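Okay, structure first, notes after.
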C-alpha cells in the first residue's frame, strides 16, 4: 500500500512533468498548476460515498463493498454509459490500458493498487460465500419438525471474549449452536480440534474446537445470568458443500452436512424443557446480542487517495499528449520552408504521426 506523502503532481507524474517542476519550481504559474492538480486529487478521493463511517456492523460490510466497487467503475469509465456489469478487475484492466498508452508512468503505483484491489475482491468473495452458506443453513433449519426458535447471527461478549454465533436453535431439548462452513476444500479436524484444509498439503485454518468452546462458554454465561443453568447446550459444525470430504477426529465436536442437520437436532431427546423455558432462552440470547459495529479492517481512505492519484496522473498525461498533437499541427503551419505544392501531403503525414502518438501507437 502506498501513502500520499506529497501532491500527486509529483507522486505519480510523467518524466517531463517532473523535469518541468525542477526547472520551474517557485514560479507563480507552476504553483497554481500544482494547487489545481492537488485539488483534483482531493476532489476525486472525497467524492466517494462508500465507507465514510468509522465503524460498521457485519451486515453493512458487503453493501459498502459493492458501493465502493460501483464508484471505482463510475470514476474510471466516465465516457461509458453501460457500466452496470463492470467489476473491480475491469477498473484494473482499464487503468492498465491507460498507463500503457501514456508510456507506463504509473506502473509501480498500479501494481500496489492492484494488490489492494485483489484484497477487496477477496473480501467481497468471502462475504458472498459466507452469506450463501448461511442462507443454505437457515433453509435446512426450517425443516426441523419439532417446536423450535431460530436466532440468526448472534454476537456475544464478556470482558475477555467475543464471538459470533451463526445460529442458535432452541428446541424442547435445549439450545444448539450452529457454526456454518461454506468451503470447497476437503477438511480434516484432528483430535485437539485443529481445523485443516486438505489438498496436496495440510493447511491449518483455525482451532475450531477452541472457537466452539468460546461460543458455548459465552452462551452459558448468558443463560446462567437468567437462571437457566439447566438448559443443555450442544454445538454443531455444518458444512454446506456435500461434495467435500470431512474427517473429524475431535470426539467432542459434532460435524454434519446440511441434509443431516434437521435430523440431528430432531433426534436429540436427552432433556425436555418447557415451551416457556424455550422463550426465556430466546429472550435472554436476544437481549445479550450486542450488535456492535467495528472499524473496517482495511484503510479505505488511503485506497481512495491512491486511486485518485493514479487517475489524475493518467488524465494529465493524456492531456499532455493531446497538447503535443496540436503543437505538432501548429508547428507544421508555421514552417515557412514547406512549399504550397507539397502542403496537403506533408500535412497528412504530420497529422497521422501526431494522431498515432496520441493514441499510443
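Observations, loosely collected:
- Hydrodynamic radius of the range 143-288 per Kirkwood, over alpha carbon pairs, in Å: 15.9
- Relative contact order of the range 49-105, defined on C-alpha pairs under 8 angstrom at six or more residues apart (%): 27
- Packing-based order for 290-299, 60-69, using average beta carbon neighbours within 10 Å, highest first: 60-69, 290-299
- Extension gain for residue 233 to residue 197 (0.36 nm times residue separation, less C-alpha to C-alpha distance): 10.2 nm.
- With each label modelled as a point 7 angstrom along the Cα→C-beta vector, the residue 185-residue 244 pair spans 0.8 nm.
- Spin-label model, residue 115/residue 287: points 7 Å from Cα along the beta carbon direction are separated by 5.0 nm.
- Beta-bridge orientation, the range 143-288: approximately 60 percent antiparallel, per DSSP, counting only bridges with both partners inside.
- Once the C-beta distance of residue 315 and residue 131 is scaled by a Förster radius of 41 Å, the resulting FRET efficiency is 0.65 to the nearest 0.05.
- The relative contact order of the range 143-288, computed from alpha carbon pairs under 8 Å that lie at least 6 residues apart in sequence, is 29 percent.
- Rounded FRET efficiency, nearest 0.05, which uses the C-beta distance separating residue 81 from residue 210 and R0 of 35 Å: 0.10
- Remark: spin-label model distance residue 263-residue 46 equals 6.2 nm, labels positioned 7 Å along the Cα→Cβ axis.
FYI, it's all coordinate maths here, none of it is from the lab. Keep in mind it's a predicted model, so treat the numbers as computed, not measured. Please note: Cβ atoms are built from the backbone with ideal geometry, for glycine as well, and neighbour counts cover all protein chains shown.
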